[in-house]
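Report on one structure; see the data block that follows.
The values are calculated or read from the model by the stated rules, or taken from the named source; none is laboratory data. Everything numeric in this text was worked out from a predicted model, so none of it was measured. Note that each Cβ is placed from the backbone with ideal geometry, even for glycine, and that neighbours are counted across all protein chains shown. Ligands, DNA and RNA are stripped out before the accessible areas are found, and what is left, the full protein with its side chains, is counted by its heavy atoms. Shrake-Rupley method; radii C 1.70, N 1.55, O 1.52, S 1.80 Å.
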Amino acid sequence: MFDSTWRRWSWRAGTASALAVALFAVGSPAGAQETVDLADVFNPLVVKALQGADISTELTPLGLSSDDPWFDEPEIEPGTAPGTLLKARPVSVQVYQVRPDVVSAHQLMYTTTDHFGRQVISTGILMIPEDGTAPGDRKIIGYAEANDSLGANCAPSHQWTGGNQSDPAVAQMFGHGWAVMMSDVGNDGDTAPHPFSIGQFSGKATLDGVRAALALPEAGLESDTPVGIYGVAGGGVAAGFAAEQAHDYAPELNVQASAIQAMMIDPATFEETAAGGIGSGFVFSSILGFDAGYPDVRLDDHLTPIGHNVAAAFRASCQALYLGLPFVPFDVLLTNPAPRTIPALAAAYADNTLGKQAPASKLLISSCEDDFLVPFSEAEQLAQTYRADGGDVDLLPSQCGPLDYVTNLYKTVTDQLGMQDIAWLAKTFDEAEGK
């Protein structure tokens, strides 16, 4: 998971240079998905957006900070259904200093259910390409973004309105005419540390975000709109749980396809494998995310003085900071260098391990055969578990080996961003419609 997240972060620092290596692309290995055509990213809608976009060095984020009164939560009436839309406002999509004029967007606040079964509030952002697609032909993607951050103003609501997010997979989705709903998995304006890696919460928040999007009159989406679920790395955890939970938790949603990639499957195994390695800071932040969601963990009781300082910095920041602490041994940060042995954390890990039930929708698991943090064998085992439970699962490897970065950088980078999974989603939608 960290491996993929690190590469996604690196992409954002150099998107143009990575795309330039398309000239060096070669064929895909046997059994892998096809190479993404660059035209799928720079599709007619994206080209039109760039041609007509408002571009200025003076553009700033659009007021979506934690002190914005819009984030104030209303009282929820007892019995309010999960996914109830509480309020919404139009916002402008802004990617770095570009505001495209062919995408409409709304920030939503809605009810959802946390990992304790409590009714809570989440925010999120709905983006719809203005491409003339008829409401009856529109699809919606419940996109669980790989945004594993503890701090406020780090989630999609902020990122896609000036917080500097770039994701070519979204451009591909817009090219298909799909609406994209991203949950913040909680109130993005809440200044308390945000839980993450908690699939029992993020999965439901993803599904309830789609429910809220369908309820927004301005979106013009029909109640039976075909739904896809998608997530990579940290987002793959949320998407995986959403796929598992959809049939029982949100049976009215017309979920037809789910795609998950490079996700942490068993948090305890991930901690054991990755702690102290290149992803040490990210593993530590993930544990802090569990601690934020499960107060009984009481991680502060197990921190060294250095660990307290690092935790304080992480809890108030976004995920880019966590990547700057590689190879730090956990006994530098924790008096218990194996926090998975803390009973409350072990129980939380077990509750948030994928594989509890097979998704009712068709599922793609895409994982790197050479991933040194999330072994491909775990993805194989997850696929077997789902199939044994009656699931319809495609397991397709992605490209990420060290040599691949030399021999086929374009294919490797696009694979790590999950861009090849979009074609699978489109094909599965077509199959559901009998095309």
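How much net charge surrounds Gln357 when only other residues with a Cβ under 13 Å from its Cβ are counted (Lys, Arg +1; Asp, Glu -1)? Local net charge: -1. Spin-label model, Asp224 to Lys435: label points 7 Å out along the Cα-to-beta-carbon direction sit 1.8 nm apart.
Determine by what factor the alpha-carbon radius of gyration of segment 281-351 differs from 2.2 N^0.38 Å, reporting the quotient. Write out the running numbers ahead of the final one.
Numbers: Rg = 11.3 Å, N = 71, 2.2 N^0.38 = 11.1 Å.
Here the answer is 1.02, to two decimals.
With the convex hull of the Cα atoms taken as the outline of segment 217-368, the averaged projected area works out to 10.6 nm². Expressed in units of 2.2 N^0.38 Å, where N is the residue count, the Cα radius of gyration of the chain is 0.91.
Among 244-252, 394-402, 204-212, the peptide with the highest mean count of other Cβ atoms within 10 Å heads the list, and the full ranking is 204-212, 394-402, 244-252.
Using the Kirkwood formula on the Cα atoms of segment 147-210, what hydrodynamic radius do you get, in angstrom to one decimal? List each step's numbers first, then the result.
On the way: mean 1/r = 0.0789 Å⁻¹.
So the Kirkwood estimate lands at 12.7 Å.
Of the chymotrypsin sites (Phe, Trp or Tyr not before Pro) in segment 269-341, the ones in a loop by DSSP (not H, G, I, E or B) with at most 16 other beta carbons within 10 Å are Phe327.
Can you give the accessible area per residue of the chain, in Å², using a 1.4 Å probe? Mind showing how you got there, number by number?
Numbers: 16250 Å² over 435 residues.
Ligands and nucleic acids excluded, the figure is 37 Å² per residue.
Write down the Å³ per residue value for the convex hull defined by the alpha carbon atoms of segment 212-296. Let's see the in-between values first.
Values: hull volume 11.6 nm³, N = 85.
Hull volume over Cα atoms, normalised by residue count, gives 137 Å³.
Rolled with a 1.4 Å probe across the full set of protein chains, the surface gives Thr273 an accessible area near 60 Å².
For the Cα trace of segment 206-247, dividing Rg by the Kirkwood Rh returns an Rg/Rh value of 1.02.
Please report the base-10 log of the normalised intensity I(q)/I(0) for segment 299-435, using a Debye sum with one equal scatterer per alpha carbon and no solvent, at each q in 0.09, 0.13, 0.22 (1/Å). Debye output, listed in q order: -0.44, -0.86, -1.25. Among beta bridges identified by DSSP and lying wholly in the chain, the antiparallel ones come to about 50 percent. Each part reduced to its alpha carbon centroid, segment 368-397 and segment 247-294 end up 15 Å apart.
Working from the pairwise distances between different alpha carbons, so that the mean of 1/r is found and then inverted, what is segment 366-435's Kirkwood radius in Å?
Values: mean 1/r = 0.0739 Å⁻¹.
Its Kirkwood hydrodynamic radius stands at 13.5 Å.
Taking the dipole about the Cα centre of segment 278-435, with the C-beta of Lys and Arg at +1 and of Asp and Glu at -1, give me whichever of Ser286, Leu364, Thr407 is farthest to the positive side. Most positive-ward Cα: Ser286.
Counting charges near Gly177 (Lys, Arg +1; Asp, Glu -1) among other residues having Cβ under 12 Å from its Cβ returns a value of -1. Hey, if you drop one equal point scatterer on each alpha-carbon of segment 145-266 and run the Debye formula without solvent, what base-10 log of I(q)/I(0) do you get at q = 0.17 Å⁻¹? Treating every Cα as an identical point scatterer, log10 I(q)/I(0) equals -0.88.
Grab the DSSP H runs of the chain that are 4 residues or longer, score each as -39,500 (n - 2.57), total them, divide by all residues and round the 222 nm result to the nearest 500 deg cm²/dmol.
On the way: 17 runs with 159 residues, N = 435.
So the helix-based figure for the chain works out to -10500 deg cm²/dmol.
Working ranking of peptides 367-376, 127-136 by packing, defined as the average number of other Cβ atoms within 10 Å per residue, highest first, is 367-376, 127-136.
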